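Notes follow the structure.
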Amino acid sequence: MTDDEQKTTHFGYQTVPEEEKAGRVQGVFNSVAARYDVMNDVMSMGIHRIWKDAMMDWLAPRPGQQLLDVAGGTGDIAFRFLKRAGRGHATVLDLTEPMLVEGRKRAEAEQLAASLDWVVGDAMALPFEDNSFDVYTISFGIRNVTRPDQALREAFRVLRPGGRLMVLEFSQIPNPGLQWAYDRYSFNVIPEMGKLIANDRESYQYLVESIRRFPDQETFLQMIRDAGFEQAKYRNLTMGVACLHSGWKL
């Protein structure tokens, strides 16, 4: 590739210049921010709450830990972390300001505002010093990053030695028949739900397509190892509809 040639990436099933993807993703979440939590409940029939609780079970937050929750949006993971830890601090970083605005409202309602910071920022260029956090989480967000491998390297950089990475993301169902049925639901039902509930079919069409473009469990596990993490493992949730990946900075 010459310097004049433009690097491309995927935005759902579209091929777009790399420099355009972040803006497009930002547009998606600007559009759905106000109805994002409601849509999560409807799309997953509430199962996303079980997945996030399973994330906390495996993570086992400890008192006094410092969390960085990237693509943390409305704060679901940060709130769970703080409640499990008992005391600690969470920094929620997201590319999209309206998502953080919704999160701040929830934090005030749940009386957690003093334990939280809200930062607009990019997963590929975190505005934090090396060795700053005990835990790094990203939930249903890394598939939206232009270069996930770079985001993982940034996660490694900002974690302290002994720090933990945990990624919750939609994944691939190992059973082809079940995957076929899930695809039919995803492509035929979820965009229509987006139209009815969030008045935005196109954003949810993208979100479904982005799930299908994301690497399978083993491929993503190797990406985590390549970023420098050790003791990397994963656990399938709901037959592989979602997956938890874990790694340590040792």
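Regarding GLU209, is this residue of a type in the set (Asp, Glu) and more than 19 Å from the chain's Cα centre (by Cα)? Answer is no for this residue. Would you confirm whether or not the range 61-74 contains a residue that is among the charged types (D, E, K, R) and at pLDDT 95 or above? Scanning the range 61-74, I find at least one residue that is among the charged types (D, E, K, R) and at pLDDT 95 or above, so the answer is yes.
Restricting PHE140, PHE128 to those that are surrounded by 21 or more Cβ atoms within 10 Å (Cβ to Cβ) and either touching a Cys at 6+ places or on another chain (Cβ under 6 Å) or of a type in the set (Phe, Trp, Tyr) (or both) reduces the list to PHE140.
Quick grid of which residues meet (1) in a helix (DSSP H, G or I); (2) small (Gly, Ala, Ser); (3) touching a Ser or Thr at 6+ places or on another chain (Cβ under 7 Å); (4) more than 15 Å from SER171 (Cα to Cα):
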| position | (1), (2), (3), (4) |
| --- | --- |
| VAL189 | yes, no, no, yes |
| GLY194 | yes, yes, yes, yes |
| ASN199 | no, no, no, yes |
| GLU202 | yes, no, no, yes |
| GLN205 | yes, no, no, yes |
| ARG212 | yes, no, no, no |
| THR219 | yes, no, no, no |
| GLN231 | no, no, no, yes |
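For the range 186-225, a tally of residues being of a type in the set (Ser, Thr, Tyr) and at pLDDT 90 or above returns 2.
Look at (1) of a type in the set (A, V, I, L, M, F, W, C); (2) within 22 Å of GLU129 (Cβ to Cβ); (3) surrounded by fewer than 19 Cβ atoms within 10 Å (Cβ to Cβ) and you find that ALA151 fails only one, number (3).
One line per residue, one yes/no per condition, for (1) surrounded by 20 or more Cβ atoms within 10 Å (Cβ to Cβ); (2) at positive phi; (3) among the β-branched types (Val, Ile, Thr):
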position	(1), (2), (3)
ALA60	no, yes, no
ALA78	yes, no, no
LYS83	no, no, no
HIS89	no, no, no
ARG104	no, no, no
GLN111	no, yes, no
ALA114	no, no, no
TRP118	yes, no, no
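Could you tell me whether any residue of the range 216-227 is acidic (Asp, Glu) and either touching a Leu at 6+ places or on another chain (Cβ under 9 Å) or on the phi > 0 side of the Ramachandran plot (or both)? Checked against the condition, which is being acidic (Asp, Glu) and either touching a Leu at 6+ places or on another chain (Cβ under 9 Å) or on the phi > 0 side of the Ramachandran plot (or both), the range 216-227 yields at least one hit. Going through (1) under 15 Å from the mean Cα position of the chain (by Cα); (2) within 30 Å of ASN188 (Cβ to Cβ); (3) among the β-branched types (Val, Ile, Thr) one by one, VAL32 falls short only on (1). Candidates in the range 9-42 are the residues that are crowded, with 19+ Cβ neighbours inside 10 Å and of a type in the set (Val, Ile, Thr); of these, the one that is nearest to GLY141 (Cα to Cα) is VAL25.
Restricting ASP57, ASP53 to those that are acidic (Asp, Glu), without any contact (Cβ under 8 Å) to a residue 24 or more places away in the chain and either in contact with a Ser or Thr (Cβ under 8 Å, 6 or more places away or on another chain) or within 25 Å of THR91 (Cα to Cα) (or both) reduces the list to ASP57. All but one of (1) touching a helix residue (DSSP H, G or I) at 6+ places or on another chain (Cβ under 6 Å); (2) in contact (Cβ under 8 Å) with a residue 24 or more places away in the chain; (3) not hydrophobic (A, V, I, L, M, F, W, C) hold for GLY64, so report the exception by its number. GLY64 satisfies all of (1) touching a helix residue (DSSP H, G or I) at 6+ places or on another chain (Cβ under 6 Å); (2) in contact (Cβ under 8 Å) with a residue 24 or more places away in the chain; (3) not hydrophobic (A, V, I, L, M, F, W, C) except (1). Among the residues of the range 154-186, just one is buried (at least 23 other Cβ atoms within 10 Å of the Cβ) and part of a helix (DSSP H, G or I), namely ALA155.
The values are calculated or read from the model by the stated rules, or taken from the named source; none is laboratory data. Quick caveat, the model's predicted, so the values are computed rather than measured. Don't worry about glycine lacking a Cβ; one is built from the backbone with ideal geometry, like all the others, and counts go over all protein chains shown.
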